[in-house]
Structures are given as structure tokens and as C-alpha cells.
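As C-alpha cells, the structure follows; a few thoughts come after it.
Since every read-out is calculated from the coordinates, none of them should be taken as a lab result. All values derive from a computational prediction rather than experimental measurement. Virtual Cβ from ideal backbone geometry, glycine too; neighbours counted across all protein chains shown.
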Amino acid sequence: MATKPHTANRARGGPGSHESFLRHRSFRWLKIALGASVVSLIAYLLADVEPRPNGGSWIGYILGTIGALLILWLSLLGIRKRMITQGNWSLKAWTSAHVYLGLSLIVIATLHTGFQLGWNVHTLAYAMMMLVILSGVFGTYLYATLPSALSSNREEMTQGQMVDAITSLDRQLHDAAQPLARVQADLVLEALAEDPLDHGLFRRLSGNHPDCATQAAIEGLAGSDSSDTAMDRVEKLMVRRKAQLERIRRQMRLRGMLEVWLYIHVPATIALIAALLAHVISVLYYW
């Protein structure tokens, strides 16, 4: 029986594959990173250096050079994202290498220090590297989990379509609220004046909206004694507005988490490169 093209592609990890960047090519880059870490550890343990291997020994210089080149290469991922290629150097492969080789730096750079840390520019570079790696681990978690959460929340709608849906509800609410009493109509108008996208980053991340005008309108309308048909229609529309509003807010919260991560990871990477440059220059100056 002939193999279907898309099935073959999935088996090979080709264009039709849905394999994640963490599992790319059966964890190829995880194996490479583990191999590099093990080789570095063996070289460190076998190095004949007195009193022990350190950053200024021959093994220290080798590990330091490897670590510095890895840091510079890993920092190029942002540029790589703007290029489209397939195969061994596809974006998925590059991202997988970025994650696992980045983690291998914990072993390589720590062995480079010889476990000798202090209040100096060398330790600053090491600390900045660890901060970048830890923030990278958090970012990896986000990128591995948030896309499915974003897709599930959108239900095949774009953010623009979600906003259009709530705009359509607002028009219906505006018309439906015309027969209501002044107090009840004012509650509806306050809800309609609420901008679903006008929230600060902290509010978006917390997901807490205690001053939500839509919720206040729902509670205010529910507390009225009227059983009028117009009131029933407004209440149902307002509940639908609240549901749509919550969907938009969840979407903004998920996207906000990615933004916050970038606000930390990218500046930390720039600071790391600056500290690394200072570290290398100082080493070469005193060498």
C-alpha cells in the first residue's frame, strides 16, 4: 500500500509534521546538548591543572570560548525568525537548538568559572547568563503552552472578529435599551462606553476587573423588579456581552504574558552581551 504524502511528511518531520520544536527530530538537539555537557564535564575532570581547573587555565579558556560563541550564536535567534528556510536549519530546528544548547551553557559556563565566583565583572557576566537562561525556560514554557490556549480561546476568531462581535452586540444593546427607564438605560450606556482594549498591562495580566461596567450593569438590571420583555432582551444581550468581553480579556492576558517575557528576556540578553564583552576584554587585558 502506498504511503500518503502527508503521512510520510509527518513520519520524517517534514512540512506536514506537527512535531513541536522541543521534540524536533526525536530530540536531536537535546542529545547534542547532553553530549556537549558530558564531554565538557569529562574534560574538566581530567584536566591536569593545579590546584584545580579555573577560568584562567587552558581548559577554562576552551570552555569559555565555547560558551562565549554559544551565547553570541543563541542571541541571533531574533534575526533568524525573519528568515524562512526548511530542513535541518528550519526555524523549528533553530529554536530547538536555541533551547537545548542554551541549557547546556549552565554546565559549560559553570565549569569555565571553576566554581570561583566573586564580586567582579566575570561573575556579573555569569549571573546575567543565568538570568537569561531562566527567563528563557519560562519563555519556552509559554511558547509550548500558550498557542493552544490562544487558539482554544479564539475559537477560530481573530482578535478583530472578537471586537466586531462585541461591537455588534453593542448596537443591539443600544437599540434594545431605548424603552428602559432612565436609571436602567444609564447602566447600559456606561457598559457600552467601556473600551474592551483600553487596559494597562498589569490589569491585563491579573485578569482582575473590579470596576467592570458590564458586570455592574448585569447586577443593576438583575436587581430591578421589571419583567418587561425589553428588559429581558437587554439582560440576555448584556450576559452575551460579558461572555465576549471575558474572551477578549483572556486573549489579551495570554498575549500580555508573552509581551512581559520579551520585556525581560531581550533586555537581559543585551545586558549579557555587554557584560560578556567586558569580561572578555578584561581577561585579554590582564592575560
Legend entry - FRET efficiency estimate (nearest 0.05) - Cβ-Cβ, Glu190 to Leu76, R0 51 angstrom: 0.50
Legend entry - Stretch gain in nm, segment Arg233-Arg28, where the contour uses 0.36 nm per residue and the Cα spacing is subtracted: 68.0 nm
Inset, instruction - Enter the per residue convex hull volume of the stretch 28-75, computed from alpha-carbon coordinates, in Å³ rounded to the nearest integer. - result: 62
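I need the calculated FRET efficiency for the pair Arg182 and Asp211, taking r as the beta carbon distance and R₀ as 35 Å, to the nearest 0.05.
Efficiency, rounded to the nearest 0.05: 0.95.
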Inset, instruction - Could you work out how far apart the two model spin labels at Trp58 and Glu219 are, taking each label as a point 7 Å from the Cα in the direction of the beta carbon, and quote it in nm? - result: 7.5
Legend entry - Two-site label geometry, Leu146 and Asp175: point separation in nm, points 7 Å out along Cα→Cβ: 3.9
Inset, instruction - Give, rounded to the nearest 20 debye, the magnitude of the charge dipole that the chain has about its Cα centre when Lys and Arg contribute +1 at Cβ and Asp and Glu contribute -1 at Cβ. - result: 1440
Legend entry - GluC sites (Glu not before Pro) within the stretch 112-219: DSSP coil, no more than 16 neighbouring Cβ in 10 Å: Glu155, Glu156
Inset, instruction - Return the calculated 222 nm mean residue ellipticity for the chain, to the nearest 500 deg cm²/dmol, obtained by summing -39500 (n - 2.57) across DSSP H runs with n ≥ 4 and dividing by the residue count. - result: -25500 deg cm²/dmol
Legend entry - the stretch 159-258 - Rg (one decimal) and Dmax (whole number), Cα, Å: 14.0, 46
Legend entry - Of (1) -0.66, -0.88, -0.95, -1.10; (2) -0.43, -0.77, -0.90, -1.19; (3) -0.50, -0.81, -0.93, -1.17, the label for log10 I(q)/I(0) by the Debye sum over Cα atoms at q = 0.09, 0.12, 0.13, 0.15 Å⁻¹ derived from the coordinates: (1)
Legend entry - Nearest-20 debye value, the stretch 137-287 charge dipole, Cβ charges on Lys, Arg, Asp, Glu: 600
Legend entry - Gained length - Ala274 relative to Tyr286, 0.36 nm times residue gap less alpha-carbon distance: 2.5 nm
Legend entry - Proxy reagent accessibility, fewest Cβ within 10 Å first, across Tyr286, Tyr141: Tyr286, Tyr141
Legend entry - Fluctuation leader among Trp29, Trp58, Trp119 - the chain, Gaussian network, Cα springs under 10 angstrom: Trp119
